[in-house]
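Before any comments, here is the structure.
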Amino acid sequence: MKPWNVVVDGKQYEIKAKGYKLVVNGEKNKLKNLMSKKDGMWKIYELPLGPKKAELYVNTWIGGMKLVMDGVDCATGKPYTPQKLPKWAYLFLVIHLAYILFLMGGALGVLMTFLGMVATISVSCNNNMSVGVRILLNIGILIAFAAVDLGIVLLIGSLVSAI
């Protein structure tokens, strides 16, 4: 991962994420030792940098990190507001979980469910699209994953019956 370079009161800080540690100017800080809070799918760690505090946003659902200082993403320099999963998206997540019960169980069913949930979270949190488009895309994701699941079930069933 590319390091973040932050200047606080004229002092340069190079911050690198390495596993469950943050390396600040060569000094290792374990994430578990930093003050943190949970906000939806984000775990937010406070990182003291001189007189200020940066916030490290870690997506606990699908991965990814953002370092934010004074409301600005340190990687892009643009204002940052954490993405929140809309309430209506939970319905799609529950339907994906139902795939395991009603279509295909086992390891392949769990994998398909996981991939469908990741796709749903990604689409649902994308604020560059209108809510209507996101809902339609989620419906398409549900149909596509159900079709693939059913196709695999029918394929396996026909192979087993041919034996």
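Quick notes on this one:
- Residue that is nearest to Val58 (Cα to Cα) [pool: residues in region 5-32 that are among the acidic types (Asp, Glu) and part of a strand (DSSP E or B)]: Glu14
- Residue check, Glu27 open to solvent by 50 Å² or more (accessible area, probe 1.4 Å) and either in contact with a helix residue (DSSP H, G or I) (Cβ under 8 Å, 6 or more places away or on another chain) or more than 16 Å from Met69 (Cβ to Cβ) (or both): yes
- Which numbered condition Ala75 misses (of (1) open to solvent by less than 50 Å² (accessible area, probe 1.4 Å); (2) in a loop (DSSP other than H, G, I, E, B); (3) of a type in the set (A, V, I, L, M)): (1)
Residues are listed down the side, and each one gets a yes or a no for (1) modelled with pLDDT of 85 or more; (2) under 16 Å from Met41 (Cα atoms); (3) not in a helix (DSSP H, G or I):
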residue: Thr81; (1), (2), (3): no, yes, yes
residue: Ala119; (1), (2), (3): yes, yes, no
residue: Asn126; (1), (2), (3): yes, yes, yes
residue: Ala147; (1), (2), (3): yes, no, no
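- When restricted to residues that are open to solvent by 80 Å² or more (accessible area, probe 1.4 Å) and more than 15 Å from Ile141 (Cβ to Cβ), region 84-109 contains 5.
The values are calculated or read from the model by the stated rules, or taken from the named source; none is laboratory data. Everything quoted here is computed from the prediction, not taken from an experiment. Glycine gets a Cβ as well: all are built from the backbone with ideal geometry, and neighbour counts include every protein chain shown. Surface areas here come from the heavy atoms of the whole protein model, side chains and all, with no ligands, DNA or RNA. Shrake-Rupley method; radii C 1.70, N 1.55, O 1.52, S 1.80 Å.
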